[in-house]
Amino acid sequence: MKTSTLIGTTALLLSLGAVAHTPAEIKADIQKHRAMAAAHEGAAKCLESGKKPDVCQAELQTACKGLALGKYCGMRHEH
């Protein structure tokens, strides 16, 4: 009985995302967030410079390759 309770509790926690990340996983997440932030800062500066949005979007996609999902580099907002 105790084993089934442990398995059920573990499954519930996993489904809720309540399992703690290792220090190495947290460090990797921090690095990815900083890299995405730098890519988005570059996109903002590109737009401020007067370049066309399509050009800045292409630069953002290049900077974010392998970092985030989708063509918006993990960030999507309304215009």
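The values are calculated or read from the model by the stated rules, or taken from the named source; none is laboratory data. All figures in this text were calculated on a predicted structure; none of them were measured in a lab. Using ideal geometry, Cβ is built from the backbone for each residue, glycine included, and neighbour counts are taken over all protein chains shown.
For T62, state whether it is outside any loop (DSSP other than H, G, I, E, B) and modelled with pLDDT under 90. Answer is no for this residue. Let me spell it out: the conditions are (1) part of a loop (DSSP other than H, G, I, E, B); (2) within 12 Å of the chain's Cα centre (by Cα), and G50 meets all of them except one. Which number is the exception? Evaluating G50 over (1) part of a loop (DSSP other than H, G, I, E, B); (2) within 12 Å of the chain's Cα centre (by Cα) leaves (2) as the failure.
One residue stands out among those in the stretch 1-27 that are among the small types (G, A, S) and at pLDDT below 90: the one that is farthest from the chain's Cα centre (by Cα), which is S4.
So, of the residues in the stretch 27-54 that are small (G, A, S) and in contact with a helix residue (DSSP H, G or I) (Cβ under 9 Å, 6 or more places away or on another chain), which turns out to be farthest from L67 (Cα to Cα)? Walk me through how you get there before you give the answer.
Step one: filter the stretch 27-54 for residues small (G, A, S), giving 28, 35, 37-39, 42-44, 49-50.
Subsequent filtering for residues that are in contact with a helix residue (DSSP H, G or I) (Cβ under 9 Å, 6 or more places away or on another chain) retains 35, 38-39, 42-44, 49.
Values: A35: 8, A38: 11, A39: 10, G42: 15, A43: 15, A44: 18, S49: 25 Å.
Applying the filter and picking the extreme gives S49.
Close Cβ contacts (under 6 Å, 6 or more residues apart or on different chains) running from residues in the stretch 47-70 that are under 13 Å from M36 (Cβ atoms) to residues that are outside any helix (DSSP H, G or I) comprise L60/C73; Q61/K71; C64/C73; A68/G74.
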